[in-house]
């Protein structure tokens, strides 16, 4: 899908990472922000498709880590 986007993101009405972040569940987004291992990326200077995709990847990786930790916690609770 990203291949169809123009290289210059200056005229884009959205930021990919912000759109992805707001689509996450409240539990995962809160855990990301509270985690010592996750640093929210800067949204300044995202004028190219490449930069937008780099920051999107950071947000996706943070969400994946938190999702895996939640699943592991659920499994531990179920075992108890």
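For this structure, a couple of remarks:
- Residues in region 68-80 include at least one that is part of a helix (DSSP H, G or I), surrounded by 12 or more Cβ atoms within 10 Å (Cβ to Cβ) and either on the phi < 0 side of the Ramachandran plot or touching a strand residue (DSSP E or B) at 6+ places or on another chain (Cβ under 8 Å) (or both).
- Of all residues in region 14-29, those satisfying the criterion of being part of a loop (DSSP other than H, G, I, E, B) and either in contact with a helix residue (DSSP H, G or I) (Cβ under 7 Å, 6 or more places away or on another chain) or in contact (Cβ under 8 Å) with a residue 60 or more places away in the chain (or both) are 15, 24.
For (1) under 16 Å from residue 22 (Cα atoms); (2) modelled with pLDDT under 95; (3) surrounded by 15 or more Cβ atoms within 10 Å (Cβ to Cβ), each residue gets a yes or a no:
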site	(1), (2), (3)
36	no, yes, no
42	yes, yes, no
49	no, yes, yes
57	yes, no, no
66	yes, no, yes
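- Candidates 57, 52 - the one that is free of Cβ contacts under 8 Å to residues at least 40 places away in the same chain and in a helix (DSSP H, G or I): 57
- The residue that is farthest from residue 73 (Cα to Cα), among those in region 30-49 that are assigned to a helix (DSSP H, G or I) and touching a residue at least 12 places away in the same chain (Cβ under 8 Å), is 49.
The values are calculated or read from the model by the stated rules, or taken from the named source; none is laboratory data. Note that this is a predicted model, so its numbers are computed, not measured. Cβ: placed from backbone, ideal geometry, glycine included. Neighbour counts: every protein chain shown.
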